[in-house]
Each structure stands twice: as C-alpha cells, then as structure tokens.
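Asks: After the structure tokens below, expect a handful of questions from me.
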Amino acid sequence: MTPKSYKSNKKTTTQNIAISPALKDWVERYVRKMNQHHPEDDRYKSISAFYCTVMEKVLEVFEKDKNLEDFDRFIDSEVEDYTQKFFFKGLIPMYEIGVEMSRYTPFDMKKLMKYMIFLRNYYMKQFDEYDLTRLKMAFDRMKNLFKTNPVLKDLNVDLYHNERDKKKIKGVLEFSAYYKNLHFINSKFMAAILGFLGVKIKN
C-alpha cells in the first residue's frame, strides 16, 4: 500500500491527460447538471474541482485494496440509507428452516406499506417511459444492494420498448438464489413490489 505524501493540498499544480471528446462532453454535462442541482457543493464548482475530487476518492478506495471491478458493486448511498431500516443480519440456515412453513402464507401488506411506498417513490421519481437508460440505471442502483445479499445467486433485468406501442415497456427479470425457501419468499415479495409499481406480470 502506497502511503499518501503529505504535501500541500493547495491546487497549484497541473497534470494534462488525454481523453476522448465523448468523455470530455460527458464530464462537462455531468458537472454542469450537478452544479445546477447543488450550487453550494464545491466539488461541482468547476471541471478541475470535480476531477480532483474523483481522483482523491478513487485513490482512497484503491488504498483499501479495492480495484476497478469493485466500483460495480458500490451501493448507492440514498438506497442504502433508507433500506437499512428494513434489513438485518441473521443466521441464514435457521431462517431457511423457519420460513418453510410460511411459504404459502399471504403477506401482511399493511406492515410492508412503508417500504413499498419508498420503492414506488424511488422508481417513479426516475421513471421516463421514453428513456430506458434512466429506468435501467434506477434498477442497477437497487441491484447493487441485492448483490451484497449472500442468499442471492443472480439478478438480471432486461428492459425494452414494446415494438407495437413504444410508450409501453416490457422486460424479463431473472432472479435466482441458493436457498429454496428464502428464495420462494423473496420471489413473492419481488412480485408484490412489481405489482405495487404498476407492473403486470405476464408469466
């Protein structure tokens, strides 16, 4: 691990890098958008300030023995802060046995309503029926949270516009896990969430 050199943090030194025009445009658009939404945040005051912040954060991550692949597994702070109110750590084998008898018991939707409303508000805030990219990004943010769950084997969502009606979105959800009973309960819950979002489950 390379220790940080304690030199001046005053931004007086320049370092030129070559990037593609597409990346340059992407960075400029992102910084401009974030500056409009958070004008008080010094990280988005300029392109230079943004680059410095990004490089410092990336190096801090690398110093913790992380790598570039770990970025795909980062959990969105907004999602994590809220969902942690509903998550807890338990002994998986014990809960796998315990939920077997409740596989066919209906959910008490009143007790789940607070979490359901959060998910609906979260997705509807980012929903645009003509922009699949934004909707896929919303699913990816939530997917990173589920990736940290050791009972989950795989989770993939494929979204696309209906060929006959471009205003309608169709999709395929692949959801697999390691524990039969927990997976059965989680599948029921996944179906309930999708229904609450207004999704019609075809099969």
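The values are calculated or read from the model by the stated rules, or taken from the named source; none is laboratory data. Keep in mind the model is a prediction, meaning the values are calculated, not measured. Every residue, glycine among them, receives a Cβ derived from its backbone with ideal geometry; neighbour counts consider all protein chains shown.
Asks: Here are some conditions: (1) modelled with pLDDT of 60 or more; (2) surrounded by 13 or more Cβ atoms within 10 Å (Cβ to Cβ). Ile75 meets all but one. Which one does it not meet?
Replies: Here Ile75 meets the rest and fails (1).
Asks: Another question, if that's okay. Any idea which of Glu129, Glu69, Glu60 is surrounded by 11 or more Cβ atoms within 10 Å (Cβ to Cβ) and modelled with pLDDT under 75?
Replies: Glu129
Asks: Could you look through the range 154-203, keep only residues that are surrounded by fewer than 16 Cβ atoms within 10 Å (Cβ to Cβ) and hydroxyl-bearing (Ser, Thr, Tyr), and pick out the one that is nearest to Lys143 (Cα to Cα)?
Replies: Here the answer is Ser176.
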